[in-house]
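The values are calculated or read from the model by the stated rules, or taken from the named source; none is laboratory data. Small disclaimer: the values here were computed from a predicted structure and weren't measured. Neighbour counts are summed over all protein chains in view; Cβ atoms, including those assigned to glycine, are modelled from backbone coordinates with ideal geometry. The accessibility values were calculated without ligands, DNA or RNA, using every heavy atom of the protein model including side chains. Shrake-Rupley method; radii C 1.70, N 1.55, O 1.52, S 1.80 Å.
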Amino acid sequence: MNLGLIGAGLVMGISAVGSAIGIGIAGQSVIGAWKKCYIANRPAPMTLLAFGGAPLTQTFYGFILGLLFMKPAALANPELGSLYLGIGLASGFAIAFSAIAQGKAGASGADAAGETGKGFVNYMMIVGICETVAIFAMVLSMISLS
């Protein structure tokens with residue numbers, strides 16, 4: 001059994017779970033903000049969809065990192081399997097928690113932007129800062145493996 005392949009599966013799977021949780025959190029708020037707009041007979045801004053979908057990118061980060069674990073050089077060196085397994089677990093959780101934080105920030109942003117019609121870019125900047133954690137986790141993990 002190659003622990004590196006297990007690490008690849010874990011980083012992808014854990015990242016995707018974080019994305020799903022983050023999307024669920026933000027999505028509920030986006031739907032609520034649209035409902036408030038409909039009740040007030042105001043147009044529902046489709047830009048709020050960006051808050052709901054933002055955590056999806058963390059799934060891609062986990063996938064990109066997991067692909068690195070499956071390169072022939074990594075598979076040819078099974079004694080590094082525990083390293084890949086450990087990095088897969090740690091990075092997967094870092095990426096997942098980034099997605100959850102992003103979903104929470106996106107939920108607040110959607111609520112505020114839906115109610116006021118203002119501040120979309122400001123709110124999205126905070127969502128982007130949450131995104132940065134996942135990017136750092138992915139890139140720094142890739143650097144540590146090279």
### Task
Give the total of Lys-Lys pairs in the stretch 24-137 with Cα-Cα distances below 24 Å; include a pair only if its members are 8 or more places apart or on different chains.
5
### Task
Give the angle, between 0 and 90 degrees and rounded to the nearest 10, that separates the Cα long axis of helix 120-145 from the longest principal axis of the Cα atoms of the chain.
0 degrees
### Query
Any idea what the relative contact order of the stretch 35-131 is, in percent, if you count C-alpha pairs under 8 Å spaced at least 6 apart?
39 percent
### Task
Could you work out how far helix 3-39 tilts from the main Cα principal axis of the chain, as a 0 to 90 degree angle to the nearest 10?
0 degrees
### Task
For 146, 82, give the ranking by accessible area with the largest first, probe 1.4 Å.
146, 82
### Task
Between residue 35 and residue 70, with labels modelled 7 Å along Cα→Cβ, what's the label distance in nm to one decimal, could you check?
4.0 nm
### Message
Keeping every protein chain present and rolling a 1.4 Å probe, give me the accessible area per residue for the stretch 64-146 in Å².
### Response
52 Å²
### Helical mean residue ellipticity (222 nm; -39500 (n - 2.57) per DSSP H run of 4+; nearest 500) of the chain
-28500 deg cm²/dmol
### Summary
Counting only protein heavy atoms with a 1.4 Å probe and every protein chain in place, the carbon and sulfur fraction of the accessible surface of the chain in whole percent equals 76 percent
